[in-house]
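**Student:** Just dropping this structure here.
Readers should treat all values here as calculations from the given coordinates under stated rules, not as data from a laboratory. Owing to the predicted nature of the structure, the values given are computational and were not obtained by experimental measurement. Positions of Cβ are generated from backbone atoms using ideal geometry, with glycine treated the same way; all protein chains shown enter the neighbour counts.
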Amino acid sequence: MNILEVVNLSKRYEGFRLGEINLTLPQGYLMGVVGSRGAGKTTFLKALLNLVRPDTGVVRIFEQETREQSVQGLPPTIGEKVGFTLGGVAPYASRRLSQITATTQGFYPKWDEGVYQSWMARFGLDEKAKLHQLSPADQVKYVLATSLARHCGLIVLDDPTRGLEKDESTAMLDLFRELISAEKCSLVFTTSQIMDVETCADYVAYLRRGELIAYTSVDEFSRSFLLVKGRLRFLTDELESALHGIRVTEKGFTGMIKTKDEAFTTGCQIKEPRLEQIMVFLERPESRPRRAHEEAE
Amino acid sequence: MKALLAKEFRLTMSPWFLLVFLPLGLLLIPMWVFPLAMAYVFVGVMIVVWRDRKDHDLEFLATLPMSFVAQAKARAWTIVLLELTYLVVGMALSVVRFFLYPVGNYASMNTNLAFFGITLIMYATFNLIFLPAYYSRPYRTWWPLGGGTLIALLVGLGLTTLVAVLPELSLLNDRGFGNLGPQLGVFAGGAVIFILLSWLATNQAAKNIQKTQL
């Protein structure tokens with residue numbers, strides 16, 4: 001069963017367009033949504049959760065459409081099985097965890113206090129603490145504890161590793177893996193660090209300036225790009241338009257190309273990139289070559 | 001809805017919120033323009049909506065399995081409950097006031113049943129302006145709060161001044177329970193207007209919040 005299905009999703013703002021996005025996430029898998037700042041990751045999550053109105057497309061969670069006429073937010077039948085955080089916002093941060101939990105559990109008839117208490121103990125979280133007193137990692141863990149107490153089938157986390165030290169980040173990602181195998185839920189998280197998805201995710205959705213560049217398994221992701229290096233005489237128009245992050249010097253050019261466009265690379269050196277190299281090439285400003293006719297002008 | 005109302009009282013309001021009721025003590029001074037004392041309830045509403053912004057209330061609500069419509073209605077009912085509590089405390093203090101001072105209020109209308117009927121009309125006016133405007137653009141609070149308070153105050157001050165000044169309406173200005181029939185009539189009329197306008201305002205707020213995007 002697909003926990004999440006996104007079909008032709010798009011949303012336009014002034015100066016920014018998200019999509020169209022098509023992807024599916026099977027039950028029990030972990031998806032990382034990667035992109036630099038402004039790539040549209042949070043907008044994508046908001047569109048998933050029906051908190052912004054998409055211009056086109058359909059989102060299905062647990063095989064049920066998330067849009068009910070014009071009502072905003074997830075329909076309650078879906079919402080009670082989805083736990084999420086958005087944009088690094090910690091609502092009611094000045095309140096004690098006990099107050100927030102007591103309020104939250106009133107909305108969930110299937111709230112499992114035993115599960116909640118066991119995860120709180122495992123995470124070492126004190127209910128008397130105020131939310132803003134927790135570290136960023138502990139704030140995420142609190143969201144996880146409340147989501148697990150509700151037996152959520154899908155947990156959506158916006159940039160959960162932001163502000164974490166390397167070791168904290170790795171521990172958090174390991175925890176995600178543990179959760180989805182132990183609790184049989186699915187998890188979607190956004191990050192601007194591509195290594196985060198290599199550490200734990202099954203699927204990677206790469207967003208660049210609102211466009212879904214790739215959606216594939218993490219293993220296939222690094223195989224779906226090739227690093228290309230060559231002399232300028234081999235830089236054909238087809239190759240140039242297919243290259244990402246192209247850099248041109250007097251001696252030649254470098255760039256990255258999708259594996260499906262490998263046919264354009266005749267005469268060039270190609271090699272499989274490391275995961276972090278993909279992000280560097282996808283995100284770096286392009287330095288296009290000046291053609292003879294441009295120089296003449 | 002019960003859980004949403006519990007959230008309003010548990011998270012949105014703190015024990016400090018009870019301080020909002022302090023200005024009602026103004027009802028115990030000998031003479032004053034008492035509609036102003038009853039209007040301090042709008043400061044309570046202001047504190048609630050400003051706390052919303054500070055506490056990211058909309059973002060919190062978005063995580064709950066409740067429709068935005070139910071959430072807007074819960075907030076509207078909270079404000080109505082706050083106003084009614086303010087009214088009941090004000091009425092209790094006006095009874096104390098009746099036994100405290102042997103003469104009436106020369107500065108404005110006396111705090112009798114008709115006065116509280118007009119207070120209900122003042123609250124209804126505020127709700128009609130504030131609730132739909134607030135939920136058309138949540139977190140933009142100046143116009144809904146400022147506009148709602150100003151127009152409601154004009155209505156409240158205008159009607160109470162008319163009662164205090166016009167001899168034809170003097171039977172509504174008894175300092176106690178004299179002319180109870182006309183006073184009860186104004187109070188009942190105020191209650192009907194309050195229920196009707198608050199209901200209209202709540203429904204419009206619920207429609208407006210459906211257009212909200214986080």
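**Student:** Angle between the Cα long axis of helix B:113-136 and the longest principal axis of chain B, 0 to 90 degrees, nearest 10?
**Tutor:** Once rounded, the angle reads 20 degrees.
**Student:** Just for the Cα atoms in region A:1-87, what are the lengths along the principal axes, largest first, rounded to whole Å?
**Tutor:** 35, 29, 23
**Student:** Please list, by residue number, every one of the GluC sites (Glu not before Pro) in region A:43-123 that is coil in DSSP and has at most 16 other beta-carbon atoms within 10 Å. Before the final figure, lay out the partial values.
**Tutor:** On the way: sites: A:Glu63, A:Glu65, A:Glu68, A:Glu80, A:Glu113; in loops: A:Glu63, A:Glu80.
Loop-located and lightly packed - A:Glu63.
**Student:** Considering Cα pairs under 8 angstrom that are at least six residues apart, work out the relative contact order of region A:102-184 and quote it in whole percent. Each step should come with its number before you reach the end.
**Tutor:** Numbers: 43 pairs, mean separation 26.5, N = 83.
In percent, rounded to a whole number, it is 32.
**Student:** Can you run the Rg to Rh ratio on region A:80-232? Use alpha carbon positions and the Kirkwood inverse-distance Rh.
**Tutor:** With Rg and the Kirkwood Rh in hand, the quotient comes to 1.05.
**Student:** Given Cβ point charges of +1 (Lys, Arg) and -1 (Asp, Glu) and nothing else, what value in debye, to the nearest 20, does the dipole of region A:133-196 about its Cα centre take?
**Tutor:** Numbers: 6 positive and 10 negative charges, 51 e Å.
For this selection, approximately 240 debye.
**Student:** Another question about this same structure. Rank the residues B:Leu100, B:Leu87 as a footprinting-exposure proxy: fewest other Cβ atoms within 10 Å of their Cβ go first. Please list the in-between numbers first.
**Tutor:** Working: B:Leu100 12, B:Leu87 20.
Going from sparsest to densest Cβ surroundings: B:Leu100, B:Leu87.
**Student:** Now for a different question. If you build the convex hull over the alpha carbons only and average its shadow over all orientations, what do you get for region B:67-214? Give it in nm² to one decimal. Don't skip to the end; give the middle numbers.
**Tutor:** Numbers: hull surface 36.2 nm².
Mean projected area for region B:67-214: 9.0 nm², to one decimal.
**Student:** Quick one: check the C-alpha center-to-center distance for region B:61-98 versus region A:215-251, whole angstrom.
**Tutor:** 63 Å
**Student:** Okay, moving on. Hey, can you rank B:186-199, B:123-136 by average C-beta count inside 10 Å, highest first?
**Tutor:** Details: B:186-199: 17.7, B:123-136: 24.7.
Per-residue Cβ counts within 10 Å, averaged per peptide and sorted highest first, yield B:123-136, B:186-199.
**Student:** Among A:Met31, B:Trp77, B:Ala107, whose Cα projects farthest towards the positive end of the dipole of the protein assembly as shown, with charges put on the beta-carbon of Lys, Arg (+1) and Asp, Glu (-1)?
**Tutor:** Of the listed residues, the answer is B:Ala107.
**Student:** Compute the semi-axes of the equivalent ellipsoid of the protein assembly as shown, taking the square root of 5 times each eigenvalue of the Cα gyration tensor, and list them largest first in whole Å.
**Tutor:** On the way: eigenvalues 726, 132, 65 Å².
Ellipsoid half-lengths, sorted descending, are 60, 26, 18 Å.
**Student:** Place a +1 charge on the Cβ of each Lys and Arg in region A:94-245 and a -1 charge on the Cβ of each Asp and Glu, then give the dipole magnitude about the Cα centre in debye, rounded to the nearest 20. Numbers along the way, then the final one.
**Tutor:** Numbers: 18 positive and 22 negative charges, 64 e Å.
Magnitude of the dipole: close to 300 debye.
**Student:** At a Förster radius of 22 Å, what calculated FRET efficiency corresponds to the Cβ-Cβ distance of A:Glu165 and A:Ala121, to the nearest 0.05? It would help to have the intermediate numbers written out before the result.
**Tutor:** Details: r = 23 Å, r/R0 = 1.06.
Calculated transfer efficiency: 0.40.
**Student:** Additional query: Based on Cβ point charges of +1 for Lys and Arg and -1 for Asp and Glu, what charge dipole magnitude is obtained for region A:173-297 about its Cα centre, in debye rounded to the nearest 20?
**Tutor:** So the magnitude is around 420 debye.
**Student:** Considering only B:Met38, A:Leu74, B:Ser67, whose Cα is most displaced toward the positive end of the charge dipole of the protein assembly as shown, charges sitting on Cβ of Lys, Arg (+1) and Asp, Glu (-1)?
**Tutor:** So the residue we want is B:Met38.
**Student:** Residue-wise, which Karplus ³J(HN,Hα) couplings in Hz belong to region A:196-201, taking 6.51 cos²θ - 1.76 cosθ + 1.60, θ = phi - 60°, and x for glycine or proline?
**Tutor:** In residue order, the calculated couplings are 4, 6, 5, 5, 9, 7 Hz.
**Student:** Rg to Rh ratio, chain A, alpha-carbon atoms and Kirkwood radius? Write down the numbers at each step before the final one.
**Tutor:** Details: Rg = 21.8 Å, Rh = 20.9 Å.
My calculation puts Rg/Rh at 1.05.
**Student:** Further, regarding this structure: Along the charge dipole of region A:115-253, which of A:Phe234, A:Ser217, A:Gly124 sits closest to the positive end, that is, farthest toward it, with unit charges on the beta carbon of Lys, Arg, Asp and Glu (+1, +1, -1, -1)?
**Tutor:** Going by the Cα projections, it comes out as A:Phe234.
**Student:** For chain B, what is the relative contact order in percent, using Cα pairs closer than 8 Å and at least 6 residues apart in sequence?
**Tutor:** Numbers: 268 pairs, mean separation 61.3, N = 214.
Dividing the mean separation by the residue count of chain B yields 29 percent.
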